[in-house]
Amino acid sequence: MSKRLFVSVDLDGLGDAVAAVQDRFDGVSGLRLTDPEQAHVTLKFLGDTDPDRVGDIVGALETAVEASGVAPFEAEFGGLGVFPSLSYISVVWVGVRDGQGDAELTALHEAVENRTTALGFDPEEHDFTPHATIARMDHAGGKETVQNAVENENPDVGSLQVEEIRLKESELGPDGPTYRTVGSVSL
């Protein structure tokens with residue numbers, strides 16, 4: 001049976017800070033908050049994958065990390081944003097502060113993208129924006145609340161020492177996805 005896989009940088013230790021940012025959206029109509037303890041930056045979504053390929057993927061990630069030239073670095077998270085736009089919101093996120101890890105995360109993404117597409121995974125269809133999803137919008141009931149927060153607030157989430165990337169499995173359940181690390185590669 002295939003596994004839903006993705007490559008991430010996890011926001012280890014920042015769950016309480018992510019939850020504090022989410023508090024401003026508590027009870028907003030149409031908004032479904034993510035589990036703050038599972039917050040992460042997705043470097044690459046691989047999708048449904050044969051579990052027999054995990055070893056090859058981890059090998060590709062090792063090559064990607066080496067090719068990226070990225071050593072352990074500090075990333076600072078904060079601010080709010082949405083995808084795809086303020087007029088049509090499907091995802092609410094916290095971002096990476098300019099110059100505080102965005103270049104390293106982008107370099108890692110590009111290297112992972114190159115190595116995973118070489119393995120036959122589909123290329124990304126949009127530009128990479130380093131972010132951690134904090135909520136998904138199911139309908140536009142609370143859209144104005146989200147728009148106001150994104151335009152007028154700039155919350156701090158905190159800093160994180162990034163020392164590895166992880167290959168994660170996502171299991172969809174009635175209460176949302178549960179993530180499990182199936183491989184990791186140190187920077």
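Every residue, every condition in (1) of a type outside the set (D, E, K, R); (2) at pLDDT below 95, yes or no:
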residue	(1), (2)
Met1	yes, yes
Asp10	no, no
Pro36	yes, no
Thr49	yes, no
Glu66	no, no
Pro84	yes, no
Item to complete: Need at least 3 residues that are over 19 Å from the mean Cα position of the chain (by Cα) and at pLDDT 95 or above per element, so show me which strands (runs of 3 or more DSSP E) inside the stretch 99-173 make the cut, counting only ones lying wholly within it.
Response: none
Discussion item. Tally up the residues in the stretch 108-123 that are touching a residue at least 60 places away in the same chain (Cβ under 8 Å), touching a helix residue (DSSP H, G or I) at 6+ places or on another chain (Cβ under 8 Å) and farther than 10 Å from Leu46 by Cα, please.
Written reply: 3
Worksheet entry | Residues located in the stretch 100-125, provided they are surrounded by fewer than 20 Cβ atoms within 10 Å (Cβ to Cβ), out of contact with any Asp or Glu (no Cβ under 7 Å at 6 or more places or on another chain) and either under 21 Å from Ala75 (Cβ atoms) or of a type in the set (S, T, N, Q) (or both) | Asp102, Ala103, Thr106, Ala107, Glu110, Asn114, Thr117
Worksheet, complete the sentence: Only one of Ser90, Ser85 is touching a Phe, Trp or Tyr at 6+ places or on another chain (Cβ under 7 Å), surrounded by fewer than 18 Cβ atoms within 10 Å (Cβ to Cβ), of a type outside the set (A, V, I, L, M, F, W, C) and under 20 Å from Glu124 (Cβ atoms), namely Ser90
Worksheet item: In the stretch 43-63, how many are surrounded by fewer than 15 Cβ atoms within 10 Å (Cβ to Cβ) and not in a helix (DSSP H, G or I)?
Response: 3
Worksheet, complete the sentence: Expected single match for farther than 17 Å from Ser2 by Cβ, surrounded by fewer than 11 Cβ atoms within 10 Å (Cβ to Cβ) and touching a residue at least 60 places away in the same chain (Cβ under 8 Å) among Glu151, Glu163 is Glu151
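The values are calculated or read from the model by the stated rules, or taken from the named source; none is laboratory data. None of the values given here were measured: they were computed from a predicted structure. Quick reminder, even Gly has a Cβ in these numbers, built from the backbone with ideal geometry, and neighbours come from all protein chains shown.
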